[in-house]
Amino acid sequence: MTIEIRKVTVLGTGVLGSQIAFQTAFSGFVVTAYDIGDDALAAARERFAKLVATYGQEVPGAAGGKAERTAAAITLTADLPAAVREADLVIEAVPEVLSIKQDTYRKIGESAPERTIFATNSSTLLPSDMKDFTGRPDRFLALHFANQVWKFNTAEVMGTADTDPAVYRAVVEFADAIGMVPIELHREKAGYVLNSLLVPFLNSGIALAAGGYAEPEAVDKTWRIATGAPMGPFQILDVVGLTTPYNILVNGDEGAQRLASWLKSEYIDKGKLGVATGEGFYKYPG
Ligand code: NAD
């Protein structure tokens with residue numbers, strides 16, 4: 001039996017949840033977005049308004065009213081059981097805190113129909129850590145987006161040993177239908193494909209500069225010229241922002257903690273957090 005996905009509910013309307021909801025509605029699906037209360041829903045409306053402007057400028061076909069209609073078509077609610085009651089697919093983008101995720105799955109496991117598929121957008125947790133709370137481990141998997149989904153459009157699809165292959169296929173097809181490039185993982189892996197590559201790469205760059213071997217500019221230049229890549233590790237770090245890499249390093253081994261101290265004393269303590277603050281490893285005037 002083919003699995004039809006038409007109604008999609010996104011839980012959490014923060015940085016990623018708002019983008020996932022918007023992109024899904026933009027692609028013609030019926031979208032409900034849930035967040036915890038009035039303040040969070042007001043913030044969601046602001047995020048959607050900003051996305052209307054961004055899509056209008058950056059996404060073909062969005063100008064001339066389609067972006068505005070997309071925002072208007074998204075149902076916003078703070079009622080969790082109602083949000084999932086008719087969903088074919090629930091995409092969870094609540095905070096990266098295991099207890100919050102498990103609690104969310106326990107609640108929606110009780111109120112969503114048996115057929116509803118659940119997908120987590122978690123970046124660092126494994127679906128195995130959550131599956132027992134869903135009440136439907138066979139209809140649960142990870143669907144991991146990248147920030148700025150309209151242009152960095154990978155969607156990593158990763159199930160557990162319990163995920164029904166038909167559910168996995170349906171989610172791959174859904175990702176494709178909302179304009180993502182589905183990246184299929186055959187087994188669970190912390191960091192998926194992207195962060196399994198990116199995190200060690202960025203850390204190696206930081207180690208070169210922190211160890212006094214080469215300036216960030218020289219590291220980036222080497223990578224760009226020798227591989228043809230558009231950006232080196234420090235240019236990428238400035239876009240990502242220095243706080244997340246710092247948090248990863250500070251929780252690592254002794255070597256990682258030395259890199260964290262360097263990031264903190266040389267950049268973070270000086271307010272150089274990357275593009276968002278106007279300066280990181282590079283300056284961004286205006
Ligand atoms: P965020 O903090 O911007 O948004 C989280 C949202 O969840 C907020 O709107 C908040 O009000 C809401 N929330 C808080 N408590 C809740 C609860 N109990 N139930 C439901 N919603 C609740 O976070 P984010 O950056 O959008 O990250 C969300 C998820 O997406 C995380 O799992 C993260 O790992 C993942 N992710 C983030 C990025 C990124 O670049 N930010 C990229 C890929 C994946």
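The values are calculated or read from the model by the stated rules, or taken from the named source; none is laboratory data. Owing to the predicted nature of the structure, the values given are computational and were not obtained by experimental measurement. All Cβ positions, even for glycine, are placed from backbone atoms using ideal geometry, and neighbour counts span all protein chains on display. In case anyone asks, the SASA skips ligands and DNA or RNA and just uses the protein heavy atoms, side chains included. Shrake-Rupley method; radii C 1.70, N 1.55, O 1.52, S 1.80 Å.
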Open item on the list: Only sites in a loop by DSSP and with at most 14 other Cβ atoms within 10 Å count here; which chymotrypsin sites (Phe, Trp or Tyr not before Pro) in the range 207-243 make the cut?
Closed with: Tyr213
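Ignoring ligands, DNA and RNA, what percent of the accessible area of the range 203-270 is carbon or sulfur (1.4 Å)? Write down the numbers at each step before the final one.
Values: 2110 of 3840 Å².
Whole-percent figure for carbon plus sulfur exposure: 55.
Assuming 0.36 nm per residue, please report the length gained on full extension of the stretch Lys50 to Glu110 beyond their Cα-Cα distance.
Details: separation 60, 0.36 × 60 = 21.60 nm, distance 3.41 nm.
Extra length from Lys50 to Glu110 when fully extended: 18.2 nm.
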Open item on the list: Nearest 10 degrees is fine. How inclined is helix 216-227 to the longest principal axis of the chain, computing both from alpha carbons?
Closed with: 70 degrees
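Can you say what percent of the DSSP beta bridges in the chain, counting only those with both residues inside, are antiparallel? Round to 5. Walk me through the intermediate numbers first.
Details: 7 of 31 bridges.
Looking only at bridges with both residues in the chain, the antiparallel portion is about 25 percent.
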TODO: Along Cα→Cβ, 7 Å out, is where each label goes; now give me the distance between the ones at Tyr282 and Phe201 in nm to one decimal.
DONE: 1.6 nm
Open item on the list: Net charge within 14 Å of Thr2 by Cβ-Cβ distance, Lys/Arg positive one each and Asp/Glu negative one each, not counting Thr2 itself?
Closed with: -1
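What length, rounded to one decimal in nm, is gained on full extension from Gln57 through to Gln148, with 0.36 nm per residue of separation minus their alpha-carbon distance? Walk me through the numbers on the way to the answer.
Working: separation 91, 0.36 × 91 = 32.76 nm, distance 1.36 nm.
Working it through step by step, the gained length comes to 31.4 nm.
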TODO: Just read off the accessible area of Val250 with the full protein assembly in place, 1.4 Å probe, to the nearest 10 Å².
DONE: 50 Å²
Open item on the list: Between Thr243 and Tyr213, how high is the FRET efficiency from 1/(1 + (r/R0)^6) when r is the Cβ-Cβ distance and R₀ = 25 Å? Nearest 0.05.
Closed with: 0.55
TODO: For the range 195-277, give the magnitude of the charge dipole about the Cα centre (Cβ charges: +1 Lys/Arg, -1 Asp/Glu; no others), in debye to the nearest 20.
DONE: 100 debye
